[in-house]
């Protein structure tokens with residue numbers, strides 16, 4: 001699996017959010033860092049084929065995504081968890097994840113095994129019969145992660161996946177993501193601790209463009225002691241922001 005963005009531009013109405021972004025993604029865990037409005041969510045929506053490119057090209061598994069027909073060819077290979085996801089309140093957790101398996105084209109004979117595997121990954125096996133509406137915020141987030149990984153899609157897109165998770169659950173999340181070694185995983189986050197713990201690569205976005213693209217170690221090396229932050233990664237991130245945004 002590979003994902004190629006070639007001079008991608010994207011936006012809403014007359015507003016341009018991403019401007020000429022070129023990136024190649026391969027198996028491994030890539031973090032998207034950047035302030036609100038940097039274009040992270042728009043990029044994930046584009047990768048999920050929710051939005052066709054405005055300009056430029058996007059290839060997923062060598063298929064150019066130019067419209068709905070080509071998007072349908074690859075959607076069964078994509079698991080996408082938006083920051084705010086909806087569900088039918090009366091659904092059980094198992095029903096919710098089974099629905100994701102059906103949408104992803106997992107054969108019906110494999111639904112039970114795939115759902116069981118996904119729920120075990122997120123530590124929700126004992127809540128499989130619980131109604132989604134009865135879950136805490138953290139449990140709903142974990143159910144959403146199960147939605148994204150059921151059937152082991154080859155491209156997993158996660159928008160702020162650890163929001164609402166307590167420290168133990170965040171450690172569980174890191175374990176889940178670390179187990180997707182042959183998958184292209186892209187996660188948007190504001191939690192730099194998660195980046196340092198599980199990510200192979202970091203893309204720092206600002207103003208719809210990439211200001212940094214490299215390994216965690218390469219980013220960490222940019223940290224300066226005179227910048228705010230509790231770790232070298234945080235200071236490196238602040239270093240990449242425009243000067244007027246470097247103060248907390």
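Computed quantities for the displayed model
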{"quantity": "Compactness index (Cα Rg / 2.2 N^0.38 Å), the stretch 165-248", "calculated": "1.15"}
{"quantity": "Highest-first arrangement of 102-115, 205-218, where packing means the average Cβ count within 10 Å", "calculated": "205-218, 102-115"}
{"quantity": "Candidates 16, 92, 49: whichever shows maximal mean-square fluctuation once the chain is modelled as a Gaussian network with Cα springs under 10 Å", "calculated": "16"}
{"quantity": "Volume per residue of the C-alpha convex hull in the chain, rounded to whole Å³", "calculated": "128 Å³"}
{"quantity": "Among 146-152, 232-238, 135-141, the order from most to least packed when residues are scored by Cβ within 10 Å on average", "calculated": "146-152, 232-238, 135-141"}
{"quantity": "Residue-averaged 222 nm ellipticity for the chain, from DSSP H runs of 4+ at -39500 (n - 2.57), nearest 500", "calculated": "-9500 deg cm²/dmol"}
{"quantity": "Contour minus Cα-Cα distance for residue 218 and residue 72 (0.36 nm per residue)", "calculated": "48.9 nm"}
{"quantity": "Rel. contact order, % - alpha carbon contacts under 8 angstrom, at least six apart, the stretch 1-153", "calculated": "20 percent"}
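Each value in this text was obtained by applying a stated rule to the coordinates, not by laboratory testing. Just so it is clear, the structure is predicted and the values come from calculations on it, not from any experiment. A quick note on method: Cβ atoms are made from the backbone with ideal geometry, for glycine too, and the neighbour counts reach across all protein chains shown.
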